[in-house]
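Throughout, read-outs are computed from the coordinates displayed, never taken from laboratory work. All figures in this text were calculated on a predicted structure; none of them were measured in a lab. Using ideal geometry, Cβ is built from the backbone for each residue, glycine included, and neighbour counts are taken over all protein chains shown.
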Amino acid sequence: MTDPSDPVPPAALLRGAGLRVTSARSAIIEALRGEQHQSAEQVAARVRERVGSVSTQAVYEALGALTEAGLLRRIEPMGRAARYETRVGDNHHHLVCRSCGAVADVDCAVGHAPCLEPVHAAGFAVDEADVVYWGTCPACQESAREPITSA
């Protein structure tokens with residue numbers, strides 16, 4: 001499992017995954033370590049803050065390479081932009097707010113991967129499950145409770 005606060009420098013992670021070390025790839029890892037579950041557009045904005053000019057296409061390509069190498073995980077909540085995180089290789093799931101789209105990690109409640117054993121696997125060799133819990137985040141719940149005042 002990769003921990004987002006892991007002190008391993010991005011260059012070492014990239015080399016360990018057999019990827020070329022670039023300032024954009026390193027900046028992507030650092031940006032996601034700072035805040036998980038960012039969209040590609042959010043990542044691109046943070047990368048530009050760190051390294052200057054970089055095209056959105058270059059960020060998408062780097063996100064794809066980092067995901068394929070197992071350094072990032074791409075999650076795709078239904079009806080929302082894909083999000084990226086550095087927490088990979090464990091059995092965690094996600095909570096998604098229906099109102100604002102906030103995403104939070106949630107560990108497997110049982111401690112192992114019970115969802116890897118479907119009732120009917122249809123001959124598939126299942127090696128991963130993606131569970132998304134939908135609801136309303138605390139901030140949106142509080143906002144809904146606030147009385148509406150007219151001016």
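List of remarks:
- In the chain, helices alone account for a calculated mean residue ellipticity at 222 nm of -10000 deg cm²/dmol, with every DSSP H run of four or more residues adding -39,500 (n - 2.57).
- Of the trypsin sites (Lys or Arg not before Pro) found in the stretch 39-96, those in coil by DSSP whose Cβ has at most 16 other Cβ atoms within 10 Å are R80.
- Share, in percent, of DSSP beta bridges within the chain that are antiparallel, nearest 5: 70
- Positive dipole terminus of the stretch 10-75, leading residue within L72, G52, A11 (C-beta point charges): A11
- Electrostatic dipole magnitude of the chain [Cβ: Lys, Arg +1; Asp, Glu -1; Cα centre; debye, to 20]: 520
- Over the stretch 91-145, the Kirkwood radius and the radius of gyration, each from Cα atoms, give a ratio Rg/Rh of 1.13.
- Among Y84, Y60, Y133, the ranking by other beta carbons within 10 Å of each residue's beta carbon, starting with the fewest, stands as Y133, Y60, Y84.
- Descending semi-axes in whole angstrom, ellipsoid equivalent of the stretch 10-75, from the Cα gyration tensor: 16, 13, 11
- Cα-only Debye scattering, the chain: base-10 log of I(q)/I(0) at q = 0.13, 0.14, 0.20 Å⁻¹: -0.69, -0.78, -1.25
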